[in-house]
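A short reminder: the numbers here are calculations on the coordinates, not readings from a lab. Keep in mind the model is a prediction, meaning the values are calculated, not measured. Because the Cβ atoms are built from the backbone with ideal geometry, glycine has one as well, and the counts that use them run over all protein chains shown.
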Amino acid sequence: MSHRYFHLTLALLAARSCAAQQPPEGPRYQSAFLRVELAADQPAFVALAVDSLGHQKLSANPLRPPAAAMVQYRSNQRDNGIEYRPAGASPSSQPVWTFEFAERSIRLTSNYSADHPPPDLLFDFDLYVARATLLGLMDANQTVRLPALLHMPLQGTLRITSPEGKNLRLGYDAFRHPIGQRQKDWVKIRVPAASAAQPRVEYTFEVVDIYPRVAGVEADPRFDGFRRGWLNIFQINPRQGLLANSSNSGACPFCLHEFSAVALRTPPLADGLAALDLVRQYLDVGLNDLRAYVPDNPAFMLDFLDMYPSLLIGASDYVRGSNNDAWLNEHYAGIKAWAQALLATDKDGDGLYEYYLSGNSGSWGKWGTHHPANWWDSIGFGNKDAYCNALAYHALLGMAEMARRAHHPEDAAFYAARADKLKSLYYPTFFNPATDVLAGWKSLDGKLHDDYFTFVNGAAITYGLVSTDQANSLMDHMLAKMQEVGYRQFQYGLPGNLITVPAEDFLDPRQVWGGGGSLGFEWYENGGATAAMAYYTLEALYKLGRRKEADAILFPMLQSYEDGTFQGTSTYQVDGRTRTYDWRRWDGEPTGYEGYLTDDYMALLSVLSR
C-alpha cells in the first residue's frame, strides 16, 4: 500500500468521524499482509490482522478492545507513521510512542520522559478468534526474550526483534476458564515501553512465513494450509513455560515427540532462535523435575507408558538437529535415567514394555481414579500396548545414537540390542489373524483388543517395526475396512478406530465422551474424526509409495487446515459443555473439548514425505 493511500485513509476517517459527531476512529493501515487499527486517544492497537501469505485474508481481528485510557493522548501523522503525545504536551516534544508501517512490518519506537512516562502496549487476544501464542525462550517470571514470534493460527506470524533485544523481555500470560466459560479465555502479551533505565526502545514486528521449502509447493494453492499452518503445532503455555496443547492448556510429556519431529524440519525462527530451542527448553525442565509438566496434579500424566519414549525421542531429535553435543554430554546421565525407567516397565522380561494396569475388559473404573496407557486416554489400553511399544522402539534407536555420540559404546550396543529384541517380538505379539491388522493392545489375560486402530498400524509402519510386505498387507486391510464402514470424510481427518470400542474397554461410560459401546461410536476418541495422529496413516502410505491413496486423505485435510476446520468453538452444547471442532462425528458435528489441539498439526509433516 502506498503512503498516499495511507494518508487518504486517515483523512477520510477523520472527516467521517467529525461529521457523525462520534468518538473519532483511530488511524488505520492495510496492505496485503497487514491490517492495523490504532486507538485515537492512546497508543494502543484496536485491531491487528496478519496474512503471512499475502492473500489479503485480513477480516478477522483477534484483539479485544483496549481498556479506557488513564491519560489522554493525541495522535498525529508523520510520513508513513503515527506519533502519540500526551494531551497538552508540546508538539515539539518527543512522542511517547511512534508507529511506522510498511507492507510487511510495523516499527514501534518508545521514548521516555520523566514528565510523561509512556505506557506499555498490551495485546489482549480473544482465543476464539485466533489462538495466539508467543514463541521464544522464556524466563521464570513469564517473560519471553527477544527475538520471538507472535504466531496466530489461520492468520500468520510476526517476528519480533529489537536492537536492544538482549535487554528486553515481553510479558506473556494466558488463562483458561472453567468449562462453560471458555469464551472468556485469553492470551495477553505486554510490550514494555521506554523507561528511565532504557530511555529509548525500538521493536520491529515483521510478517514472516516459516515452513520447509519443498519443490512444487510455492505456486500450488492446494498447499496454502501447509505454508500458513506449519507453525501451528507450536504453542507455549506461559505459566509453565513449555510447549503445550495450546497456549492456555496443559503441557503433556507424551506429546514431545510430535513437537520435536516438526521442529527437526523447521527453518530458523529468527537469528539465534530455532524451533528445536523450544524443545530443549522443554527437555531442560523435565530433566530438572518431571513434576513441573503437570503442576496441578503431579501424579497424572507421569506414568503413561508413552511418556518416556516421547521424552527420549524429543532428546534424540534435539541432539540430531542441533548437533549440540555439549548439551548431550551435560545431560547424558539424566537422559539415560529416562531410558532405564522405560526398560523398567518390561515387567515380565520378555523385551516388550507393559503398562501397570491389565487392560482387561471390564477392569476400568471412573475417570480420574486411573487412566489407560497412552495418549488415547479414554480407551482402555493396558498391559502390552502396541502404540507405546512402537514409540519405544524408535526411542531406543535414538538412545543408541545418543550413546554413540556421547562416547558410550557399550550403552549404544545395549540399547540397540533392546530395540532389536522389541522388533522381533512386535509383529508376532500384536498381529491379529482374525482381522489381518495389528491390535491396539494385548491385555494381561492374553486377549487381543483390536478395533482397527488406524494410528497403531500407521505408527508401526512409520517407525519400521514391520517388513514392507507386512506393511502393505496391513494398509490393504485397514483401507478396505475404512471403505466398508463408509468413512470418506477426510476433510475432518481420520478416526482413531474404525469400529466401536466396546463399553467394557472404554474408561468413561458417558456417550458424549465415547462411552456406551455403539451409542458412543463417532464421539470423541471412540471413532471420532480428528487430525490428531492422522500423520501416522499418511506417513505409512507415502513410505510405501502409495501416493494416490495418501493424497486422497491429505488434500482434503490441507484445505481444512487453510479453512480452520480443526479448531474453534461451536454454539453446540452437550452435557453442559460447549463442543469444539478438534474432534467431530462423521457428519461433521463437533465433539471436541479443547478448541485447539496442537497434535492436529503433526500431519503437515507428511507433505515432506510426499
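The tail of the calculated P(r) for the range 322-450, taken as Cα-Cα distances beyond 19 Å, holds 53 percent of the pairs. The per residue volume of the convex hull around the alpha-carbon atoms of the range 3-208 is 139 Å³. Mind running the shape call on the range 453-610? Use the C-alpha gyration tensor, a ≥ b ≥ c as the square roots of the eigenvalues: rounded below 1.5 for a/c, prolate if a/b tops b/c, oblate otherwise. In terms of gyration-tensor shape, oblate.
Can you work out the PRE-style zone for residue 115? Point 7 Å along Cα to Cβ, and I want the residues of the range 192-213 with backbone N under 17 Å. Residues 196 fall inside that zone.
By the Kirkwood approach, averaging reciprocal distances over each pair of separate Cα atoms, the range 529-589 gets a hydrodynamic radius of 13.0 Å. From largest to smallest, the equivalent ellipsoid semi-axes obtained for the chain from the alpha-carbon gyration tensor read 47, 26, 22 Å.
Taking 13 Å as the straight-line reach from the Cα of residue 184, the aspartates and glutamates in range (excluding those fewer than 8 positions away in the same chain) are 124, 126. In deg cm²/dmol and to the nearest 500, what is the mean residue ellipticity at 222 nm of the chain if only DSSP H runs of at least 4 residues count, each as -39500 (n - 2.57), divided by the residue total? Taken over the chain, the calculation gives -9500 deg cm²/dmol. Ordering 207, 574 from the fewest to the most neighbouring beta carbons within 10 Å gives 574, 207. The long axis of helix 307-322 is offset from the longest Cα principal axis of the chain by roughly 60 degrees. Please work out the ratio of the alpha-carbon Rg of the range 177-275 to 2.2 N^0.38 Å and round it to two decimals. Ratio of Cα Rg to 2.2 N^0.38 Å: 1.38.
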